[in-house]
Amino acid sequence: MKKHIPNFVTSLNILCGVLSIAMTMQGNLKWAAVLVIGGAFFDFIDGFVARLLHVASPFGKQLDSLCDVVTFGVAPAFIIFSILKNNTQIECSYLPYIALITPIFSALRLAKFNIDERQSDRFFGLPVPANALFLISVPLLNENLYNGLFFNFMHNPFSLMGCIIVGSFLMVSELPLLAMKFKTWRFQDNKARYIFIALSLILILLFQFTALPMIIVLYVLISIIYSLLNH
């Protein structure tokens, strides 16, 4: 039974994704976004549980990718599509469908990841969960906390569509990014990871859920700086 525990945790990931889609269809975008965050939590710990129990397997890796397509590809696309569809600034009824490129590029990113042996201690291209967390932050943003600037940017339909396109490109790019995998707990071996976690916790304490887009941008910046320093 021990070998099925990580797969059960992974299954909770896709359950969150499906429930998120259901919430979007009911018009409850905030709960839809929170459920994607829940899926990200289960996606983060399933690999940790597998390594802890020494039951990591190719089956678990494939199951994880299939679940990620739903939770971090399809579910965010539903949320953003709903936001764009109901935005009065968009006159062309076809433009909201641009959100549907997110699951396509998410699937391409995951397929690439599964056969790329380089991506053990670092990623090449923006991870699918990171892109999803950036997009689903839109219904969670609080105008007061951002003094209107970031709120207005993310709620502008055209800048949001730009984020969809840029995020899709970054997912399949060769941009080297930090993998949040701890082979040891020594600070010397994980300086960039610990710095990222510390700054992220500060942002969360200050802005709660609305810190999500800031954290994703921070992750990309720290990864680029780390990569440049190591080369």
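Please state which of the following conditions G27 fails to meet, knowing it meets all the rest: (1) touching a residue at least 12 places away in the same chain (Cβ under 8 Å); (2) more than 17 Å from P76 (Cα to Cα); (3) surrounded by fewer than 20 Cβ atoms within 10 Å (Cβ to Cβ).
(2)
Kindly list, by first and then second residue, each pair from a residue in region 62-86 that is farther than 11 Å from I136 by Cα to a residue that is modelled with pLDDT of 95 or more and of a type in the set (D, E, K, R), limited to pairs with Cβ atoms under 9 Å and residues at least 6 apart or on different chains.
none
Conditions tested, residue by residue: (1) outside any loop (DSSP other than H, G, I, E, B); (2) touching a Pro at 6+ places or on another chain (Cβ under 7 Å).
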site: I80; (1), (2): yes, no
site: L84; (1), (2): yes, yes
site: L100; (1), (2): yes, no
site: R118; (1), (2): no, no
site: P139; (1), (2): yes, no
site: F153; (1), (2): yes, no
site: L160; (1), (2): yes, no
site: I164; (1), (2): yes, no
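Condition test on N230, is it crowded, with 16+ Cβ neighbours inside 10 Å, more than 16 Å from the chain's Cα centre (by Cα), farther than 30 Å from L95 by Cα and at pLDDT below 80?
When the stated conditions are applied, N230 does not pass them.
Scan region 152-195 for residues that are over 21 Å from F113 (Cβ atoms) and at pLDDT 75 or above and report the count. Don't jump to the end; show me each part of the working.
Going through region 152-195, the residues over 21 Å from F113 (Cβ atoms) turn out to be 152-163, 184-191, 194-195.
Filter again for at pLDDT 75 or above, leaving 152-163, 191, 194-195.
Result for region 152-195: 15.
Hey, could you check region 87-103 for residues that are within 17 Å of V18 (Cα to Cα) and without any contact (Cβ under 8 Å) to a residue 40 or more places away in the chain and say which is surrounded by the fewest Cβ atoms within 10 Å (Cβ to Cβ)?
Ranking the qualifying residues of region 87-103, first place goes to L100.
With the structure loaded, tell me whether V9 is under 21 Å from I101 (Cβ atoms), touching a helix residue (DSSP H, G or I) at 6+ places or on another chain (Cβ under 6 Å) and assigned to a helix (DSSP H, G or I) or whether it fails that test.
Criteria not met by V9.
Sort out which residues of region 50-69 are among the hydrophobic types (A, V, I, L, M, F, W, C) and either under 16 Å from the mean Cα position of the chain (by Cα) or modelled with pLDDT of 85 or more (or both), and write them in order of number.
Those that are among the hydrophobic types (A, V, I, L, M, F, W, C) and either under 16 Å from the mean Cα position of the chain (by Cα) or modelled with pLDDT of 85 or more (or both): F59, L63, L66, C67, V69.
Counting only residues that are charged (D, E, K, R) and touching a helix residue (DSSP H, G or I) at 6+ places or on another chain (Cβ under 6 Å), which one in region 30-76 is nearest to R109 (Cα to Cα)?
D68
Looking at region 51-82 only, could you name the residues that are surrounded by 21 or more Cβ atoms within 10 Å (Cβ to Cβ), in contact with a Gly (Cβ under 6 Å, 6 or more places away or on another chain) and hydrophobic (A, V, I, L, M, F, W, C)?
Listed by number, the list holds a single entry, A75.
The values are calculated or read from the model by the stated rules, or taken from the named source; none is laboratory data. Please read all numbers here as calculations on a predicted model, not as lab measurements. Positions of Cβ are generated from backbone atoms using ideal geometry, with glycine treated the same way; all protein chains shown enter the neighbour counts.
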